[in-house]
Amino acid sequence: MFKKCDKIGYKEVLPGIRMKAVVYGDKALMTEFLLKAGSTLPAHDHIHEQTG
């Protein structure tokens, strides 16, 4: 998949961490994250299969 990068459509989910879905379907989701330097994404898990 190739996509032009843009700055719109992101949602801040935690301080310094923004995300947006870039590809999705009935059984798959690909999300892009933008993290500011020094921010951390807490450990977590998902009940469904993930793609990265």
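Each peptide in 33-42, 13-22 was scored by the mean count of other Cβ atoms within 10 Å over its residues; highest first, the order is 13-22, 33-42. Across the options S39, G16, C5, the greatest Cα extent toward the positive end of the charge dipole of the chain (unit charges at beta carbon of Lys, Arg, Asp, Glu) belongs to C5. Averaged per residue, the chain has 95 square angstrom of accessible surface, using a 1.4 angstrom probe with ligands and nucleic acids left out. The lysine pair count for the chain, using Cα distances under 21 Å and pairs eight or more places apart or on different chains, is 10.
Rounded to the nearest 20, the Cβ-based charge dipole of the chain about its Cα centre (Lys and Arg +1, Asp and Glu -1) stands at 300 debye. Note on the chain: with neighbouring protein chains present and a 1.4 Å probe, carbon and sulfur make up 58 percent of its accessible heavy-atom surface.
The values are calculated or read from the model by the stated rules, or taken from the named source; none is laboratory data. Just so you know, these numbers come straight off a predicted model, no measurement behind them. FYI the Cβ positions are ideal-geometry reconstructions off the backbone, even for glycines, and counts take in every protein chain you see. For the accessible areas, the whole protein counts, side chains as well, though only heavy atoms, and no ligand, DNA or RNA atoms are used. Shrake-Rupley method; radii C 1.70, N 1.55, O 1.52, S 1.80 Å.
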